[in-house]
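A quick write-up on the structure given underneath.
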Amino acid sequence: MTVYRTLYGLLFAVALAVGLYFGYSTFVATDGAGSAGRPDGRGFGDKVQAVIAMPVRQEIFVDRLEAIGTLQANESIFVTARTQGIVEKINFSDGGAVEEGTALVHFDEDEERARLQVELANLEEQRKQFERIAGLARANATSEARFDEQQAAVKKAEANVAAARARLSDYTIRAPFAGRLGTRRISVGALVTPGTVITTLDDLSIVKLDFSVPETFLSTLSVGLDIEATTAAYSDEVFKGQVISIDTRVNPTTRSVDIRAEILNDDRRLRPGMLMVVDLIKDRRESLMIAEESLVPSENQQFVFVVSNDNRVERVPVTIGRRRPGSVEVLEGLELGDLVVTEGNTSLTSGNSVRILNESDVRGAPVSSAT
C-alpha cells in the first residue's frame, strides 16, 4: 500500500505541475489580465492574436490591354530617279544623316543645260518682237490680232523656259525631308532610268507603332491614350508613346480595329519593322488599394479586418473593383490610411485584440504612391 500511495502522490504532483504550466502560459498569452482584472477591459479569456497589417494605399490604377505591333518610320521612301541620266557625283555615304533639301546625287546635265539656253534665247527673241509690235500697236501701225499673237508667243517661250529648268532640276536629287539614309545602290558613271532605286530615306525621330485590338474594346479607345511598348532588342526598357489615330473601319475578318501610336525616338534605336509588345493604357485613375490576401470572403460578400488605434479589429464589408497581381481596388468600405490585417485574419472575429508584428513599419507609413 505504501508503494501505491507513493505512486499516486507522484502522479498528482506531475498533474498539478502540468496544470500550473499551461495556466501560466495562457495567462502570458492574454497579457495576464481580463475585464475584471485590467483597466483596459480585456478579460482573461481575450486571446491576443499576432497579425501582420498594411495601410490602405492610394495608387494610380490603370487598365491595360496587350497587343502585338510593328514599327514604321515617321516618313519613309525609296529615293529614285525621275529622269534618265549618267551619275556624275554622289554626295552621301551609307547610313548618313541628311537635312531636308540636301543634294544627294548629281547627273550629267550638260545636254539639258544646253536645251535651257536654247529656250532662254528664244524667250529673249520673243520679248524683243513683242516690244517692237507693242510700239507699232501704240501707233496704230499693226493689228490687234498681231499684238495678241506675239503676246501669246512670249508666254509660250516663258513656259518653255520654266519646263526646261524643271527638267534640269531633275538632274539633281535632293532629300525631301530630314532623316537617315540607307545603303547606296548606285555608283558614279552608272546609267539610271526613272524609278531606279538609289537609296532609302527614313525619318526616325518619331516611329509609328501599328497594332490591332478586338472591336469589343472600341468604346474605351480614344486618341491620346498612353501606350507602353517593349521589344526583344531592348528587353529591359519600356518605350512610352500615345495613340494618334484609330481606324474608321473594323476588319470584318478579324473583328479588330487598327490603331497607330507614336513613340519619340531621339536616340534612333528603334527601327522600322521591329516587333513590339504593346500595353494600351486606358482608364487611368487614383484608387484605394489593399493587399489581395486581406480579403475574407463570406458567401457573396468580401470582408476585411480593420485594426483600430487600441489594436482591436473590426470586420468590415467592402466593395472591390479591379485586380492586379497581389493587390485589389477598393471601391467602398475603407478610407485612405485604414490599417487592414493581411496575415493572421482567418481566425479573427470583431472585437479581438491583436498584436501587429510589423507595427513599427506601418504606423505612419506613406499611403500614396504612383505606378
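The values are calculated or read from the model by the stated rules, or taken from the named source; none is laboratory data. Since the model is a prediction, treat every value here as computed from it, not as a measurement. Reconstructed Cβ throughout: ideal geometry from the backbone, glycine too, with neighbour counts over all protein chains shown.
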Listed by range, strands (runs of 3 or more DSSP E) wholly within region 51-162 having at least 2 residues that are assigned by TED's automatic domain parsing to the domain that holds residue 219 and under 30 Å from residue 213 (Cα atoms) are 57-80
Log entry, pairs with first residue in region 289-314 being outside any strand (DSSP E or B) and surrounded by 10 or more Cβ atoms within 10 Å (Cβ to Cβ), second being modelled with pLDDT of 90 or more and among the aromatic types (Phe, Trp, Tyr), beta carbons closer than 9 Å, six or more apart or on different chains, reads 294/305; 295/303
Item to complete: Using the structure shown, decide if residue 213 is without any contact (Cβ under 8 Å) to a residue 24 or more places away in the chain, part of a strand (DSSP E or B) and of a type in the set (A, V, I, L, M).
Response: no
